[in-house]
Amino acid sequence: MKEKYEDSYLYRLRHSAAHLMAQAVTELYPGAKLSIGPPIENGFYYDIDFPTPLKEEELESIEKRMKELSKLDQRIERTEVSRDQAKALILDATIPGMGEDVAEYKLQLLDAIPEGEAISFYNQQRTDREGVQHRFLDLCRGPHVDSTKEIKAFKLTSLAGAYWRGNVKNKQLTRIYGTAFETKEELDAYLEHIEEAKRRDHRILGRELGLFMFSPRVGTGLPLWLPKGAQLRMTMVEFMNNEQMRRGYQPVVTPHLGNIKLFEVSGHVYNYRDKMFPFMEDEEKETFILKPMNCPFHIEIYRSQLRSYRDLPVRLAEMGTVYRYEQSGEVTGILRARGFTQDDAHVFVRPDQLLEEFTAVVDLIQAVLKKLGLTEYRARVGIKDPASDKYIGDDENWRLATEAIQNACDAKGLEYEVSVGDAAFYGPKLDMIIKDALGRDWQMGTVQVDYNLPERFELEYIGEDSKPHRPVMIHRAPFGSLERMIGLLTEQYAGAFPFWLAPVQVAMLPIADRHNERAAEIAIELRDKYGFRVEVDDRRETLGKKIRENQLQKVPFMLILGDKDMENGTVGVRCREEGDLGPMSLESFVEKANR
Ligand SMILES: [Zn+2]
Ligand SMILES: [Zn+2]
């Protein structure tokens with residue numbers, strides 16, 4: 001079995017690096033009060049109460065002192081003490097980092113250690129050339145590495161504010177983040193990875209590429225889609241609509257708000273209240289809510305006519321915009337917004353159709369991910385936890401649905417892991433987890449089997465036996481949401497979207513004014529004849545500048561038009577990936593672009 005991170009040498013090393021940083025800080029900033037400094041997933045941090053605010057630039061000098069302290073080869077030793085001895089140590093002003101003035105947090109931490117539990121300090125100590133003993137003690141459970149000289153590949157990465165004990169009512173401390181590795185090579189690779197992630201950050205690229213923006217006047221988590229972003233959405237919607245139409249889905253459109261009664265029947269008012277925006281009441285005392293989900297609306301459409309067993313499956317699809325009241329601290333760009341659009345559909349099936357339909361949904365998802373160029377993914381089947389009683393519906397249905405999901409995955413060659421307790425309360429589900437170019441996992445599309453809503457809304461179809469039967473519902477959204485998928489794609493491609501997806505596919509660059517007219521003609525031809533999205537850059541700028549800027553905008557192709565081209569009936573083709581391809585006839589270019 002793989003060693004747990006918490007038991008690893010790396011974990012001890014990072015924890016020790018946090019202590020080493022604390023030692024450096026207490027030397028450089030007398031009066032700084034230490035609180036806690038644990039290792040975390042990718043490094044460590046230490047929360048410190050500084051007498052004057054610390055600036056980002058100062059991290060360098062702390063790092064420098066850490067390097068010196070590391071080289072001194074201080075032994076790191078554990079000592080166990082009684083509670084009284086611990087208190088005396090914390091208040092002993094002759095020890096660096098200790099004493100009444102700076103003891104505030106450590107005393108509270110000591111108090112929090114339960115009676116009967118061992119109280120230990122870790123001591124970083126050395127004897128200098130004059131024979132003087134130096135030590136730095138920190139109240140800590142450990143464990144640590146044996147000597148500070150083992151801490152040689154580290155970096156302080158950033159500063160943040162953090163409330164003492166995570167409580168906003170407490171004082172805000174300074175959190176210094178850092179990371180440490182066993183070797184310099186590993187550290188460098190990690191830092192490179194972080195830089196790359198920053199370079200791909202969809203929030204930054206979204207602004208630079210003119211995809212979307214946020215305005216405080218509009219509100220937290222409510223994106224405004226700019227022309228290029230809106231185009232990107234349209235392209236994705238068109239693609240999804242086509243895929244769905246081919247597969248027997250029918251489009252529907254439903255309103256953004258609805259009467260609360262609908263959501264009382266669905267149960268959302270009771271089960272989903274904390275994710276819903278405040279309710280609205282009109283003069284007639286009717287209450288409306290912004291929809292957090294599309295399902296109840298689609299159900300009303302299903303219910304609007306008598307359905308026979310021959311009509312099923314009924315597949316109702318909508319790019320449905322929903323609103324969820326995410327905590328402002330949890331809103332992250334377009335990855336977690338308060339208003340977003342799901343590529344939603346609800347499929348109503350007979351129980352005997354569940355496997356076939358689920359298999360078709362998995363097939364759709366695979367086709368979508370392939371088209372988007374997302375080839376590395378895995379699936380997770382969320383099943384119920386037999387020990388819990390939060391689930392509704394009878395066991396036999398659960399068993400059949402869980403089996404159908406697993407069989408569908410098997411049939412489509414989709415590898416999956418089973419996650420016990422990860423089912424929704426109303427049925428098992430399938431989640432897609434995509435690995436991006438940086439190896440990060442993104443949970444995207446989901447498919448859920450639902451026995452609950454058909455029950456609550458008393459859905460029916462007339463069976464072959466002429467008697468009413470209850471259908472099963474499948475909720476599914478292969479993208480998850482347009483926003484989240486565009487966020488992922490932006491980072492995956494670092495903004496250089498594949499040709500079919502790029503908001504602007506071709507930029508026409510006339511060299512001088514006398515080439516503008518012909519450039520406009522070519523643009524029209526490419527649009528009308530081939531459906532390309534073309535922009536003519538006829539600004540009075542140098543060609544070099546136009547090329548640079550279109551390159552930064554990550555436009556797949558630039559077509560340069562000068563005197564020679566006018567004479568010969570060619571365009572100078574510049575490809576985003578391959579650079580200058582020289583003059584080509586328009587037909588050859590189109591062939592190249594469509595390849
Ligand atoms: Zn510690
Ligand atoms: Zn739904």
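The values are calculated or read from the model by the stated rules, or taken from the named source; none is laboratory data. Only a predicted model underlies this, so the values are computations on that prediction, with no experimental measurement involved. Glycine also receives a Cβ, built like all others from the backbone with ideal geometry; neighbour counts cover every protein chain displayed. For accessibility, only protein heavy atoms count, side chains too; no ligands or nucleic acids. Shrake-Rupley method; radii C 1.70, N 1.55, O 1.52, S 1.80 Å.
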In whole percent, what relative contact order does the range 5-200 give with Cα contacts below 8 Å and a gap of six or more residues? 27
Could you tell me which GluC sites (Glu not before Pro) in the range 1-56 are loop residues by DSSP with no more than 11 other beta carbons within 10 angstrom of their beta carbon? Glu3, Glu41
For the range 442-595 (alpha-carbon point model, no solvent) the Debye-based log₁₀ I(q)/I(0) at q = 0.14, 0.19 Å⁻¹ works out to -0.73, -1.12
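With +1 on the Cβ of every Lys and Arg and -1 on the Cβ of every Asp and Glu, and nothing else charged, how large is the dipole of the chain about its Cα centre, in debye rounded to the nearest 20?
Charge dipole, the chain, about its Cα centre: 780 debye, nearest 20.
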If r is the Cβ-Cβ distance from Ile95 to Leu438 and R0 is 51 Å, what FRET efficiency results, to the nearest 0.05? 0.70
Using the basic label-point model (7 angstrom from Cα toward the beta carbon), what is the Glu243 to Lys370 distance in nanometres? 1.1
Using a Debye calculation, one point per C-alpha and no hydration shell, please list log10 I(q)/I(0) for the range 5-200 at q = 0.09, 0.18, 0.19 Å⁻¹ in order. -0.32, -1.35, -1.49
Tell me, what is the FRET efficiency for Val253 and Arg303 to the nearest 0.05, using R0 = 30 angstrom and their Cβ-Cβ distance as r? 0.95
If each DSSP helix of 4+ residues adds -39,500 (n - 2.57) and the sum is divided by the residues in the chain, what number results at 222 nm, nearest 500 deg cm²/dmol? -10500 deg cm²/dmol
If packing is taken as the mean number of other Cβ atoms within 10 Å per residue, what is the order of 500-510, 112-122, highest first? 500-510, 112-122
Could you please put Arg470, Arg514, Arg576 in sequence from largest to smallest accessible area, using a 1.4 Å probe? Arg514, Arg470, Arg576
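If contacts are Cα pairs under 8 angstrom and at least 6 residues apart, what is the relative contact order of the chain in percent?
Relative contact order comes out at 10 percent.
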Ignoring ligands, DNA and RNA, what percent of the 1.4 Å accessible area of the chain is carbon and sulfur? 49
Roughly speaking, what is the stretch gain from Asp563 to Arg380, that is 0.36 nm per residue apart minus the C-alpha to C-alpha distance, in nm to one decimal? 60.0 nm
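How much length would be gained if the chain were fully extended between Asp363 and Arg78, taking 0.36 nm per residue of separation minus their Cα-Cα distance, in nm to one decimal? Please list the in-between numbers first.
Details: separation 285, 0.36 × 285 = 102.60 nm, distance 5.77 nm.
Gain on stretching Asp363 to Arg78: 96.8 nm.
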Find, to one decimal place in angstroms, the Kirkwood hydrodynamic radius of the range 63-122, where the mean of 1/r is taken over every pair of different Cα atoms and then inverted. 13.1
Could you state the accessible area per residue of the chain in Å², with a 1.4 Å probe and every protein chain left in place? 50
Could you order peptides 252-262, 517-527, 274-284 by the average number of other Cβ atoms within 10 Å of their residues, highest first? 517-527, 252-262, 274-284
Going highest first, how would you order 403-416, 473-486 by mean Cβ packing within 10 Å? 473-486, 403-416
